[in-house]
Amino acid sequence: MRSLRTGFRGTGLSLAAVVTGAALLLTAPVAHAADTPLRDLAAAKGKVIGTAVTGSKLTGSYGDIAGAQFNSLTPGNAMKWGSVEPTQGSFNWTEADQIVAFAQAHNQQVRGHTLAWHSQNPSWLTNGTWTSAQLSTLLQNHINTEVGRYKGKIAAWDVVNEPFNEDGTYRSTLWYNGLGANYIANALTWARAADPAAKLYINDYNVEGVNAKSTALYNLVKSLKAAGVPIDGVGLQAHLILGQVPATLQQNIQRFADLGVDVAITELDVRMALPADSTKLAQQAADYKAVLAACVAVTRCVNVTVWGFTDSDSWVPSTFPGYGAATPYDENYAPKPAYYAIAEALGGGTTTPPTGACTATYAVGSQWNTGFTGQVTIACSGASLSSWHANWTFGAGQQVTQAWNAICTQSGTAVSCANASYNGSVPDGGSVSFGFNGSWSGSNPVPTVTLG
Ligand code: XIL
């Protein structure tokens, strides 16, 4: 990352020279990252806050945020059977190892995900013809191998994933069809043997509220406990739709807690029909806050994990066409209202951004063969700021070379400009501007600026 702090404050720019017809006005949530990271807020409440991650992305802003804000990581795909053993007997632990190493370096827990599931299995496994004895051995060996490899490094395993249908009957899967419902108790027992310190979970979706599916899970956990099978927790995935947090969420968490198991919200996201707008983002913030509040209210709810912290790393757009914007940070890593809602639910102070509008206007000033000057004006109406970040992504290889009246850094195509010490404050009805020199070639399109 290059730091482009400059020593002089004069703009040297004539406002009249600005705007070559390319000014863009955008309303963005007025926001700056909360002073206290989410992980510290969560820790003060006795909770763990996690995110699913992609190993290859754990550098730059993505790595910075994952490391700074969260104290638990879940590999989004890297520990699934199809990822770790694509060919029978030939293992690929690269991404899983990388995530575990990152977590250790950042003093984070790891949630292992997942051991016995019907999806994302290797084709050699799903296409094979196995006797039930063979299938049982395959599953036992898989659990021994993977749990054993990470013994002592995994706080909790989603041992069994998505075992139920919506009506509470068992899902027809490789495991259920081949081994019967006993595969669940066996998988848990094998996982316990391979790493006695890891908490063992059953994880499912649409089990957040009290309903037929969650009641089937409840009854299963109750019977496993009665039979002495090692079961430490239930994972409520919480892939939610905007405005649809179940009213019985806290009650449901509590009934599992009362069985003597921990509860984790393991895959929280709140999807909305695109495009996002301020009304939907506000509803999303309320939804995140409700989920966090329900967990905070129950002592045995130990972890809330978001399924990707940025909209640029979410499974939603490809899985639910037309939906997206489901995570707490936007695609440019600017925190959304949902981020502040999480912070607030975890006891963060006055982190909620005002809802009035502050806007950022980007304009190209003069432009010559390889260089140009740019100016960004931040104006507030019905809102005010005490500090600001203006963020954008250059679309055509432009590079900021020098900035004034702001401290700009550029990493790849991503530019982030923070206020200088003397111009962070933007009063209601007022504005501040900063400028920069940049290089360009080919074209110099105007980027979208967000305030973060
Ligand atoms: C998703 C991943 O996020 C995607 O990248 C992948 O293509 C499909 O699986 N329930 C789960 C997760 O338990 O493992 C799923 O993750 C999302 C639904």
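Before moving on, here are some points about what is shown:
- For K80, residues with placed amide H under 5 Å, excluding near neighbours: T114
- Cα centroid separation, segment 360-384 to segment 212-241: 54 Å.
- Exposure check, 1.4 Å probe, all protein chains in place: D262 carries approximately 30 Å² of accessible surface.
- Rounded, prolate or oblate (a/c below 1.5 giving rounded, otherwise prolate when a/b exceeds b/c) for segment 67-211 by Cα gyration tensor: oblate
- Nearest-10 value in Å² for the accessible area of L281, using the 1.4 Å probe: 30 Å²
- Based on the convex hull around the alpha carbon atoms, segment 210-304 presents an average projected area of 6.0 nm².
- Folded to 0 to 90 degrees: helix 182-194 orientation relative to the chain principal axis, Cα: 70 degrees
- Divide the volume of the convex hull around the Cα atoms of segment 312-452 by the residue count and you get 132 Å³ per residue.
- Accessible heavy-atom area order of F91, F102, highest first, probe of 1.4 Å: F91, F102
- Over the chain: helical MRE at 222 nm, DSSP H runs n ≥ 4 each giving -39500 (n - 2.57), nearest 500: -8500 deg cm²/dmol
- Ordered from highest to lowest accessible area with the whole protein assembly present and a 1.4 Å probe, I378, I407 read as I407, I378.
- Segment 36-345: relative contact order as a whole-number percent, Cα under 8 Å and 6+ apart: 16 percent
- Scattering profile of the chain at q = 0.08, 0.11 Å⁻¹ [log10 I(q)/I(0), Debye over alpha-carbon scatterers]: -0.52, -0.87
- Counting lysine pairs in the chain whose alpha carbons fall under 17 angstrom apart, excluding pairs fewer than 8 residues apart on the same chain, gives 13.
- With all protein chains modelled, accessible area of T215 [1.4 Å, Å²]: 50 Å²
- Comparing Cα centroids, segment 124-191 and segment 271-339 end up 30 angstrom apart.
- For segment 95-217, DSSP calls about 10 percent of its internal beta bridges antiparallel.
- Looking at segment 36-345 alone, DSSP beta bridges between its own residues are antiparallel in about 10 percent of cases.
- The Cβ shell under 9 Å around L292 holds other residues with a net charge of +1, Lys and Arg each +1, Asp and Glu each -1.
The values are calculated or read from the model by the stated rules, or taken from the named source; none is laboratory data. Every value quoted in this text rests on a predicted model; they were computed, and no experiment measured them. Note: ideal-geometry Cβ built from the backbone for every residue, glycine included; neighbour counts use all protein chains shown. For accessibility, only protein heavy atoms count, side chains too; no ligands or nucleic acids. Shrake-Rupley method; radii C 1.70, N 1.55, O 1.52, S 1.80 Å.
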